[in-house]
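FYI, it's all coordinate maths here, none of it is from the lab. Since the model is a prediction, treat every value here as computed from it, not as a measurement. Neighbour counts are summed over all protein chains in view; Cβ atoms, including those assigned to glycine, are modelled from backbone coordinates with ideal geometry.
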Amino acid sequence: MGLVVRAVPNRVLYVEDNPENMTLVKRVLEAEGYEVWGAPNGPAALQMVRQVQPDLILVDISLPAMDGYEVTTRLRALKGQAQVPIVAVTANVMRGDRERSLAAGCDGYIPKPIDVDRFPEQVSSFLSRKLE
Ligand code: MN
């Protein structure tokens with residue numbers, strides 16, 4: 001697997017209602033050269049996604065009003081967003097949650113609390129899968 005050279009930074013849309021998690025993920029990914037857009041809930045993410053044109057979407061599962069599974073299903077249904085990797089970032093790593101996130105259209109999940117040392121590699125692994 002070679003180095004992927006891009007003219008523009010990878011864009012990440014992160015759907016998260018917890019401001020502390022949002023701040024942490026932004027800090028970690030921006031330090032790695034990503035551009036990170038934050039959406040505090042599903043409806044905001046659905047509104048923003050066409051403008052942001054993210055290379056990857058991170059979705060918290062526990063969100064107000066519309067949970068992360070529904071957000072994922074709705075994002076997948078949008079024209080032009082069928083191919084973007086969507087990764088659940090969730091503390092709900094109970095039996096069945098992985099299957100449920102995959103069924104909703106997620107490509108995988110990253111457990112919370114995030115491990116700041118491993119997080120950039122976990123994120124980039126989903127981007128490189130997209131390029132294969
Ligand atoms: Mn949450």
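A few remarks follow.
- Filtered residues of segment 77-108 (kept if aliphatic (A, V, I, L, M) and not in a loop (DSSP other than H, G, I, E, B)): A77, I86, V87, A88, V89, L102, A103, A104
- Candidate set: segment 14-31, residues that are surrounded by 16 or more Cβ atoms within 10 Å (Cβ to Cβ) and free of Cβ contacts under 8 Å to residues at least 24 places away in the same chain; chosen: the one nearest to the ligand (Cβ to nearest atom): M22
- Here is the figure for segment 32-70: residues that are in a helix (DSSP H, G or I) and either closer than 23 Å to V8 by Cβ or within 16 Å of the ligand (Cβ to nearest atom) (or both) total 13.
- Test: residue in segment 76-84 that is touching a helix residue (DSSP H, G or I) at 6+ places or on another chain (Cβ under 8 Å) and among the β-branched types (V, I, T): yes
- Residue selected from segment 77-112 under the condition polar (S, T, N, Q) and within 14 Å of the chain's Cα centre (by Cα), by the criterion surrounded by the fewest Cβ atoms within 10 Å (Cβ to Cβ): Q83
- Filtering segment 95-129 to residues that are out of contact with any strand residue (DSSP E or B) (no Cβ under 8 Å at 6 or more places or on another chain) and of a type in the set (D, E) leaves E99, D115, D117, E121.
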